[in-house]
1. Could you pull out every residue, at least 5 positions away or on a different chain, whose amide H is within less than 5 Å of the one on B:PHE135? Hs are placed 1.01 Å off N in the peptide plane, and Pro or chain starts have none.
2. With r defined as the distance between the Cβ atoms of A:ILE18 and B:GLN93 and R0 fixed at 25 Å, what FRET efficiency is calculated, to the nearest 0.05?
3. Please turn the phi angles of segment B:68-80 into ³J(HN,Hα) values with the Karplus equation 6.51 cos²θ - 1.76 cosθ + 1.60 (θ = phi - 60°), one per residue in order, whole Hz, x for glycine and proline.
4. Just to be sure I understand the model, the point goes 7 Å from the Cα along the line to the Cβ. What's the resulting B:ARG67 to C:LEU30 distance in nm?
5. At 7 Å along the Cα-to-beta-carbon direction for both A:ARG62 and B:ASP108, put a label point, then send me their distance in nm to one decimal.
6. To the nearest 0.05, how large is the calculated FRET efficiency for C:ILE7 and C:LEU59 if R₀ is 30 Å and r is the Cβ-Cβ distance?
7. Measure nothing fancy, just the Cα-based angle from helix A:71-95's long axis to the longest principal axis of chain A, in degrees from 0 to 90, nearest 10.
8. Taking only DSSP H segments of four or more residues, each worth -39500 (n - 2.57), what value at 222 nm results for chain C once the sum is divided by all its residues, to the nearest 500 deg cm²/dmol?
Amino acid sequence: MNFILELVVSVFLLVGGIFILVGSIGLMRLPDFFMRLHAPTKATTLGMGGLLIASMILFTLREPGHISVHELLITLFLFITAPVSAHMMAKTALHQKLKMISRTRGQALVEPASQQMAPSGETVESGKS
Amino acid sequence: MLAKPRFRWLPMPYHSILLLVTWLLLNNTLAPGHLVLGTILALGIPLLTSGLSHPQPALHKPVKTARYALMVLGDIVTANVEVARQVMGPLDQLHPALIAMPLDIEGDLPITLLASTVSLTPGTVSSEVSQCRKFLYIHALSMTDEAELIATIKERYEKPLMEIFSC
Amino acid sequence: MLSLTVILVSIMVVIALILNLWRLFAGPDLADRLLALDTMYINSIALIILLGIWLGSTLYFEAALLIAMLGFVSTAALCKYLLRGDIIE
């Protein structure tokens, strides 16, 4: 029983750690800001979810009769705030007109997007700029 | 369909439940003392703050909402494996794109939920909403076909949200 | 086995923190640095949770929750500052 508990907790911890690491590697490796934004917002948040679930399982099952679910609060909080802060940072980057790498499609949309306007006409496919 | 305060002494029922659950989670207990204290807080705080809140579309279908939340959770896990593969793989095979998605849903809360869902799932981050609330600008990490991506988001996330808020 | 895993995962998180630090110093724009800071506070929550597991104590939960809340608020405030040049309108 104890061995299985440790095994399950270890698997969750490892998965969480790997996702956190992948998030930071993405942050270091990807070429422009908008692409960098993808790695930490998704991978790191899921990694935290894994770690907190591991902590929850461990502290609940370690001693019988003691239930530990308050890690759920941090998990929920992170899952609610991660997209909000990602949205705000993307907004900031659009406002500051940060460069995207040249093969990004739809760069014509940066101008209307940074002023919160509707795209003029249909979505323009102008890849090379 | 705006939620009208149905009872004078319980202006925001969902918020009250949320406050009680949060209080119990914070203290990590189900002791009767904390139940009473949490109930008092859950009844008192909405009374003080209900004047500040904007009316939001009411939630009519709790079962559908729960199913939507589970589906999004599943999608987050699969999307992350995909993103992890893309991040660790060769970078010149990524085709980033900025697209504008026309929105069919209305209201601030549904749009916020849709934008959050889009941010947490497959390779897309919502980056801006147009002032007229008709377009959502999305940055995709790797996009093969614009029409297909928009159709996927509309079919998978926007339609259930429209059903949940019945707008 | 568990203590070994905790050490291994802590090393992974520390490597992640160092990569974030690199981006914080190298990041060409302010927004990059902001993103690095945002990732760093989430990673430090991970370290605190791991410390709690290592010491077998749930006392560190409040610290983790506080960092999560303050981190989100500071990210939002810095974003507003970069957007408008003003935090409180």
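The values are calculated or read from the model by the stated rules, or taken from the named source; none is laboratory data. These figures come from a predicted structure and were not determined experimentally. A quick note on method: Cβ atoms are made from the backbone with ideal geometry, for glycine too, and the neighbour counts reach across all protein chains shown. Ligands, DNA and RNA are excluded from the accessible area calculation, which covers all protein heavy atoms including side chains. Shrake-Rupley method; radii C 1.70, N 1.55, O 1.52, S 1.80 Å.
1. B:LEU103, B:SER130
2. 0.70
3. Rounded to whole hertz, the list is 4, 4, 5, 4, 5, 4, x, 5, 4, 5, 5, 4, 5.
4. Placing both labels 7 Å beyond Cα along the Cβ direction yields 4.7 nm.
5. Result for the modelled spin labels: 4.3 nm.
6. Working: r = 20 Å, r/R0 = 0.68.
Efficiency at R0 = 30 Å is approximately 0.90.
7. For A:71-95 against chain A, the angle is about 10 degrees.
8. Values: 3 runs with 75 residues, N = 89.
Taken over chain C, the calculation gives -30000 deg cm²/dmol.
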